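Comments concern the structure below.
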Amino acid sequence: MTGLLGVAVALAVGAWIGLAAGRRRASAPVVDPDVPAQAGRPELAWVVRANRALGLWVRGPGQEQEEVTTPALGETARFPIAARLAGLGGGSARSGVERLDEGPLAYVATDDIQAAILLPPEAPTDRALEDLGRLVAMIRTGTALRLSDADPGRVESVGSVAIRLALDLESLLDAEVAVAVQQPRGVKVLGVSLRADTQLNRQVALPGSAVDLACRGEVTRPALAYEPMGVPSSDRRHRERKAYVVPVTGPSGVHAAAVIWTPNGAEPGGPQAAELARRVERAGHLFERAFRERGLVDQAVRDPLTGLVNRRGLEAAMRDVSAESGCLICLDLDHFKSLNDELGHPAGDAALGFVARVVRDTVRDQDTAARIGGEEFAVWLPGTGLAEAAKVAERIRTRLAGRAWGWQGRPWPITGSLGVAGWPESSRNRDNLVALADRALYRAKETGRNRVEVWGESA
């Protein structure tokens, strides 16, 4: 994560939605998202399905407005919402939620692109706003849908390659496809095709499962397997037939695995098998470039000692336009100078690594954990309220205090003081969160250390 344009693109295309770079339709189609779209931009129907939305509207630069609506949305509601989207343009990047009679309307808008999605009355809006933000970013960058459309000179994100490979193989084999990729916290699904179970997205494969073994290079040939992720699928169709698990190998080794549920549950054969092999080989090269680029990006935004992002990476995460709210936790270790003085700097580095692991293991995948100074850490929790963030901070505090740590046989207690600030609860301006969380942190220091203080509670 970084403020650089290249990384902004990487963050955008890392989501599980993709856009075609080719010509866009001049009309405004209405599509039932339960039926896979065969023309135009089927990804719009995909986003509607994923969020169980009533409708989605997109207006791009110089393009007619496009929409996908479900039969549950009446004509009387459709047209006013479509007209409202046109009024979002002409300003700086912003996002938000309007409460309509039909349900919450989440929107993300820039000066030239606007997107809005209408959700059922009680549906959460965080995920929808995240999808819309990345959708808008992808329109701006012109991300290709099919692997064959890729610009050979462009290096895209790992997630983008996974998405497009899933869509590519679905088109080739008339199959449901998921693409899993080796990640720091295990093998995770980053790409799901239109027809596949959307709940597969972001699912982590269990160690020893067919997908896990394929992504780790322990199985190098395609194989058939029931429950390839190691857990029962929520889709009964997947439980009743085998999946074809295909390792995706780049020049330096295995990077991913394509999980394919063919209509008859059999392996592809003949010309289809040959074309499948060709496309998987091409994807392997694209994954190779994506992983290599991610390594270069990480050098700029990642702390080499702890593996967490640095201050620059934290700032980039907090600028994500898709977030409509969020909280920041700041953590400072208690009496860290004494540890360094008595045990030495190698012990201090080991202690920082210990703290980083505790923090990383406590937060969610969508949260951003950072080391922002010597013994200072921070966590950005998008879409999280102040009360829930305070609970996360308390879990971090208790886990630090409750886990034994020592150096060369000498036990040493490690505790931390934490401050929490929320947007918009503590401040209506996201840019103020760092200063407010810092103030809460120092209040925790002044009132005894090894505490959590929340800015906004008796502040």
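Dimensions of the stretch 182-312 along the principal axes, based on C-alpha atoms and rounded to the nearest Å, stand at 50, 31, 28, largest first. The alpha carbon convex hull volume per residue for the stretch 241-340 rounds to 218 Å³.
The mean accessible area for residues of the stretch 321-455, using a 1.4 Å probe and ignoring ligands and nucleic acids, is 44 Å² per residue. The amide H of Val248, built 1.01 Å from its N in the peptide plane, has His255, Ala256, Ala257, Ala258 as neighbours under 5 Å, considering only residues 5 or more places off or on other chains. In the stretch 307-411, inverting the average of 1/r over every pair of distinct C-alpha atoms gives 14.5 Å as the Kirkwood radius. Here's the picture: a label point sits 7 Å out from the Cα of Arg403 along the beta-carbon direction, and within the stretch 353-378 the residues with their amide nitrogen under 13 Å of it are 353-363. Pairs over the 30 Å Cα-Cα cut-off, from the set Lys188/Lys445; Lys188/Lys337; Lys188/Lys391: Lys188/Lys445; Lys188/Lys337.
Have a look at Met229, Val246, Ser193 and report the one farthest towards the positive end of the charge dipole of the stretch 166-255, computed about the Cα centre with Cβ charges (Lys/Arg +1, Asp/Glu -1). Farthest along the dipole direction, towards plus: Met229.
The values are calculated or read from the model by the stated rules, or taken from the named source; none is laboratory data. The shown structure was predicted, so the numbers you read here are calculated from the model rather than taken from an experiment. Cβ atoms come from the backbone with ideal geometry, glycine included; neighbour counts cover every protein chain shown. Areas reflect the complete protein model, heavy atoms only, side chains present, ligands, DNA and RNA absent. Shrake-Rupley method; radii C 1.70, N 1.55, O 1.52, S 1.80 Å.
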